[in-house]
Structure formats: C-alpha cells, structure tokens
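One structure is given below, encoded as structure tokens.
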Amino acid sequence: MEPNKYGYIKDGKIFRNGFLEFPEREIGDVKEDEAASIKYFEDRFELAKQKVDDLAKTIDEATNKGSFLMKLVHLRKQLSEFDALGDYEPLFETLNQYEVLIRELIDRNRAKNLEIKTALLAEAEVIREIEDLREAGEKFKDLKQRWLKTGAVAEESREEIEGRMEAIMNEFFEKRNAFFESRKQELEEKTAGYEALIAKAHALLEEEDLQKVDAEFSTLIPEWKQLPVVPVKVRNELWERFKKETDALYAKLDPVRKQRKEEKRGAVTEVKQALLEKVEALAGRADQDAVKEVKALQEEWKKSGRLPKGQFKEMADRFFNACDMVTERAFLYRLTSQKVKGFQQKSEEDQLKSLIRMLRELYNRDMNELNLYRENAEKFGSAFGKLVDSKTDLKERKVQVKKQLLDQLNTELRALA
C-alpha cells in the first residue's frame, strides 16, 4: 500500500521514503486507521517547513548572519531525523543556499578580522615598549577587549595570530607582576620602620618610669620625620595608628610635663625678677655706661624664657618702663648738655632745673604729636588704622615715660630745696 508518495505503511508501521543521501526510516505507528495516521504525519511536515522559513527570515534580517551557521547545521540534522511526511528536498536546498551565503560572509569577515587583529598586534608591540607599566597595563586591557570583540580569523591563520598575541600579553603581564611584586616588597621594607616606631610608642605606654618615657617620647616625632617616603594613603593609615599611641603618651606624661613646666616657670620668674631688680637699681643714672647695662639686661631678658601672659605682662611692663626711664634720662642729660651753655659747671639744683625745662619742651612736643595721631585716627578710620594705632601706642609710651621722668626730676629738685 502506498497512500503517500513520501512514505508508506508496512506491518502497521509508517515509513518515510529516502531522499538525497538519507535512507528511508520508520517514523511512527498506525493508530486509528492508515489514512488518519498518514494525515497526521503530513500535517507535521508543516512544522518542518515553518522552522526553515523562520530561520531563513531571521538570517535575512540579521546583521551578523554568520552567527546562525551552527543553528542551520543543527536544523538540517533535525530535518534528517524529523518524523513527518513531505518533500524535504526543497527544504534542504534552501538550507544549502543559506549555508553557502553564510560561509561566504564568514570567509569575508574572517579576512577582515585578520586585518584588524594584525593591526592590533602592531599596536601591542608599541604598547609593550611603554615604560610606565600602569599606563601600559590600562592600554593592554583596552586592547584585549577589542581583540575579544573581533571575531575569529581563518583556521590556517588562527593558531599563529592568537599565539603571537598571547605571547605578547603573557610577557608584559609577567613583567608587570614582577615589577609590582618588587614594589610590594620594597613598600613592606619601608613600612617596617613605621611599624617598629609604632611598636616603640606602644611599649612606652607600658613603661612605669615616667622620666624615661618623657625622654624617649621626645625622639618619636623626629624619628617619624626621618622615615622613608611611602604612598600617601599608606602613610596616612600609619600616621593614624602612630597618633593614637602618641596621644595616649601625651595623656600619660601630662602630670610630669605640668610639673616640669611649673619648675621652668619658677626658674624663669627668678631670672626675670633678678633682671628687673638690676634695671630698677639703675634709676637716677644718666651716664652711657648705664645705657649699655640696660641694653645688656634687655638681651638677657629676651633669652631668659617666657612666662604666662598675665604674669609676664605685669613684670615686663615694669622692666621695660625702667629701661626706658634710664635711656630717656641719659638722652635728656646729653641733649641738655648740648643745648644749655655751661651746663656741666652749674650746681646740681640748676642742672635739675635745666633738665626739667628741656623735658617739658620734649613732653609738650610729644603731646602735640600724640593729639595729632589721635585726630588722624578719627579722621581716616580703618583705612590706615593699624599704622596710626602703632604710632599712637609708641607715642603714648614715650609721653608716659617723659611724664614719669618729669615727676622724678621734680621730686629730686624738691628734695634739694
């Protein structure tokens, strides 16, 4: 019985006729009756046609047609084993035509890919000569992405071109890894000094002898400054750890330092008190030797250290006022000697009177200048504020000294009378 030209029934089995290079094959059993069974497998053939049509349409619309080659090959194999009755030869012809088309496109693309990869190889040769390994590494990463995005080349060229690129990449990354491993080892050697200093600071926290801790603590910061340069991020992390230890040491040493500070203040106070007494002992002298002594005492004052602001101001005001009194008196004596004829031959009382008259003239002149500075300060406001204030302060100090000296001379004159 041969109810379909593409197959037949035998012993309750349905067979598909052979075609092209494919032999006949059993595709199913007769179920209800022969006509219905044949009709079922004829209808199934429409599925095969639909698969071929769908693939052909997809290939026509695709940009990268080469990617459908394996799907086409798989569909051909499926059709050779498909359980259906129909004319398979036109379907295989369609698949063959598309395969020819795809393989031609693949060949052209592989030739183009070979050109691209050859150019990328040339670029790789240039990159591996770059001395900055970080920069070269970034460029190689970008190049590798472009290499991977580029399709395969022809089989006969694939092994050579892929091997060349792999060799260049391996050589570079082995070189880079060795370099950074060396850098890592170098950094570890450098940071060892930091770690040792942090450990030293921590060990001082356990030391009970505070005098010893204080002496060694003073060396920590200078030692830190002498350590080799490391990357900023690493140095900052190490500094935070080091600072934590030193802050704890500051707290531990606070009582000792307060005590030493008080002792130092006491010593400075004694020195400055002695200098103050020396300069005040010069009061009443107007000779140049007294002026020289004042200058020497001022130098000692500068070198003798500082006191707390409140305490220092009171003592400093007395000291420098006494200095000014000596130098101002010497200046007044010298000026009067030059201006008043026969001054040296006058009696002590007449000399005092001459000094008082000269000093009043100087005092009045300074007062006039002081008033002028004050008027300018009000007139110009903040435009020349600092300059005017500075001159005003200086002039006020001179006026004050002259006023005190004038009182002192008048007192001496009254004592003589």
Exercise. So how much slack lies between R357 and D287, counting 0.36 nm per residue of separation and subtracting their Cα-Cα distance, in nm?
Worked result: 23.2 nm
Seminar exercise, completed: Rounded to the nearest 0.05, FRET efficiency between R176 and A248 (Cβ-Cβ, R0 56 Å) equals 0.85
For this session: Taking only protein heavy atoms into account and a 1.4 Å probe, give the accessible area per residue of the chain in Å².
Result: 65
Exercise. What is region 290-384 by shape, rounded, prolate or oblate, if you read a ≥ b ≥ c off the alpha carbon gyration tensor as root eigenvalues and call it rounded for a/c under 1.5, prolate for a/b larger than b/c, and oblate otherwise?
Worked result: oblate
For this session: Determine ³J(HN,Hα), in whole Hz, for all residues of region 126-133 in sequence, where each value follows from phi through the Karplus function 6.51 cos²θ - 1.76 cosθ + 1.60 and θ = phi - 60°; x replaces Gly and Pro.
Result: 6, 4, 5, 8, 5, 6, 6, 5
Seminar exercise, completed: Given 37 °C, 0.692 mPa s and a Kirkwood radius over Cα pairs, the Stokes-Einstein diffusion coefficient of region 211-345 in µm²/s is 170
Exercise. Out of V52, A136, L187, whose Cα points farthest toward the positive end of the dipole of the chain (charges: +1 Lys, Arg; -1 Asp, Glu; placed on Cβ)?
Worked result: L187
Seminar exercise, completed: What the Cα atoms of the chain span along the principal axes, largest first and in whole Å, is 170, 62, 50
For this session: Provide the gained length on full extension for the span E348 to Q78, in nm with one decimal, where the gain is 0.36 nm per separating residue minus the Cα-Cα distance.
Result: 83.1 nm
For this session: Could I have the simple spin-label model distance between N371 and V271, label points 7 Å from Cα toward Cβ, reported in nm to one decimal?
Result: 4.6
For this session: Sort W239, W147 by accessible area with a 1.4 Å probe, largest first.
Result: W239, W147
Exercise. How many nm is it between the label spots at E159 and N96, if each spot is 7 Å from the Cα in line with the beta carbon?
Worked result: 3.3
Exercise. If you bin the C-alpha pair distances of region 2-106 every 5 Å from 0, what whole percents do you get?
Worked result: 2, 12, 23, 20, 15, 11, 8, 5, 3, 1, 0
Problem set entry | Spacing of the two label points (7 Å from each Cα toward its C-beta) at N64 and D407, in nm | 10.2
Problem set entry | Stretchable slack from R134 to A316, in nm (0.36 nm times residue separation minus alpha-carbon distance) | 59.2 nm
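The values are calculated or read from the model by the stated rules, or taken from the named source; none is laboratory data. Bear in mind that the values here come from a model prediction, so they are computed numbers and not experimental data. As a convention, Cβ positions derive from the backbone with ideal geometry for all residues, glycine included, and neighbour counts pool all protein chains shown. Heavy atoms of the whole protein, side chains included, go into the accessibility calculation; ligands, DNA and RNA do not. Shrake-Rupley method; radii C 1.70, N 1.55, O 1.52, S 1.80 Å.
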